[in-house]
Amino acid sequence: MNKDFVFAGAPYSNQAPLVDQLEVVAPGSKVVYDHPSNIVRCLLDGEVDAAVVPVAHFFAHPELTMIPGLGIAAEGPVRSVLLKCNKPMGQIRAIARDPASATSNALAELLMTKYFKQKIEMHDFQALEKPDAVVVIGDRALCAEPAPAGDIDLAAAWEKWTRLPFVFAVWAVRKDSEHFDELSAIAHKAYSAGFRAMESIAERYAEKLGGSQEFWVEYLDNSIYYKLDARDMEGLNRFKKLISK
């Protein structure tokens with residue numbers, strides 16, 4: 001290795017198989033955890049060398065490139081990216097964004113307006129006292145009780161609409177990085193190690209957040225996946241095209 005690298009990710013269980021083993025496979029390297037928007041800023045400023053970046057942020061910064069073949073994706077229900085409905089479909093007008101996820105907020109707005117054909121308004125979470133529905137992501141969504149009028153799994157709705165998987169995040173590197181090949185090799189090696197450590201990762205989250213080890217293995221190894229292929233890229237590009245309109 002030419003240097004000790006700094007990697008970044010968000011502190012969500014669905015990123016653990018990608019980042020958990022980075023410091024093991026690349027001794028001397030470091031992983032930092034932060035809010036996705038802060039991670040993107042650190043990557044652009046050169047404070048980190050590579051980061052797991054939500055695709056909405058990735059689209060917004062053409063100076064970034066992705067490490068091919070790795071990301072966070074789902075084909076069908078993902079269970080952790082939800083529109084939690086306080087009113088039934090047809091009565092939903094005001095939707096509160098999740099403050100942590102530009103990608104899921106954009107997906108919710110797209111699906112509600114284009115797939116479900118609803119007239120809705122998106123608002124910052126703190127701006128609405130009683131939203132008709134709320135975008136909720138991550139472990140908080142995965143572990144929550146259903147909303148009064150039910151939950152809409154946004155990845156499942158996307159798959160029904162497009163017949164394509166949905167990619168939530170990718171490994172991103174600055175295009176001017178001199179270490180792309182090394183960073184890519186480490187990321188792939190770390191995922192292979194993370195995949196082998198899936199049961200211990202699941203056990204850790206069961207102890208931390210509740211639920212059984214089997215619950216977390218089912219989520220991390222079945223509801224989501226991390227190896228991206230041509231269909232995943234098709235889904236990624238379809239989302240980019242739709243939200244650019």
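The figures follow:
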| item | result |
| --- | --- |
| Residue match in the range 156-173 (condition: out of contact with any helix residue (DSSP H, G or I) (no Cβ under 7 Å at 6 or more places or on another chain), in a loop (DSSP other than H, G, I, E, B) and surrounded by 14 or more Cβ atoms within 10 Å (Cβ to Cβ)) | no |
| Cβ-Cβ under 7 Å pairs, at least 6 apart or on other chains, the range 178-199 side under 13 Å from Gln21 (Cα atoms) and touching a residue at least 60 places away in the same chain (Cβ under 8 Å), far side of a type in the set (S, T, N, Q) and surrounded by 15 or more Cβ atoms within 10 Å (Cβ to Cβ) | Ala190/Gln21; Ala193/Gln21; Gly194/Gln21; Ala197/Gln21 |
| Hits in the range 41-56 - residues which are surrounded by fewer than 24 Cβ atoms within 10 Å (Cβ to Cβ), in a helix (DSSP H, G or I) and in contact (Cβ under 8 Å) with a residue 60 or more places away in the chain | Leu44, Ala56 |
| Selection from the range 109-138 of residues that are surrounded by fewer than 19 Cβ atoms within 10 Å (Cβ to Cβ) and either in the same structural domain as Phe59 (by TED's automatic domain parsing) or in contact with a Ser or Thr (Cβ under 7 Å, 6 or more places away or on another chain) (or both) | Ile120 |
| Of residues in the range 87-108 being of a type outside the set (Gly, Ala, Ser) and buried (at least 18 other Cβ atoms within 10 Å of the Cβ), the one farthest from Met233 (Cα to Cα) | Ile92 |
| Residues satisfying the stated conditions in the range 102-126, i.e. among the acidic types (Asp, Glu) and not in a helix (DSSP H, G or I) | Glu121, Asp124 |
| Subset of the range 200-212 that is more than 17 Å from Arg140 (Cα to Cα) and free of Cβ contacts under 8 Å to residues at least 40 places away in the same chain - its residue that is surrounded by the fewest Cβ atoms within 10 Å (Cβ to Cβ) | Ser200 |
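The values are calculated or read from the model by the stated rules, or taken from the named source; none is laboratory data. Worth saying up front: this structure is predicted, and the values here are computed from it rather than measured. FYI the Cβ positions are ideal-geometry reconstructions off the backbone, even for glycines, and counts take in every protein chain you see.
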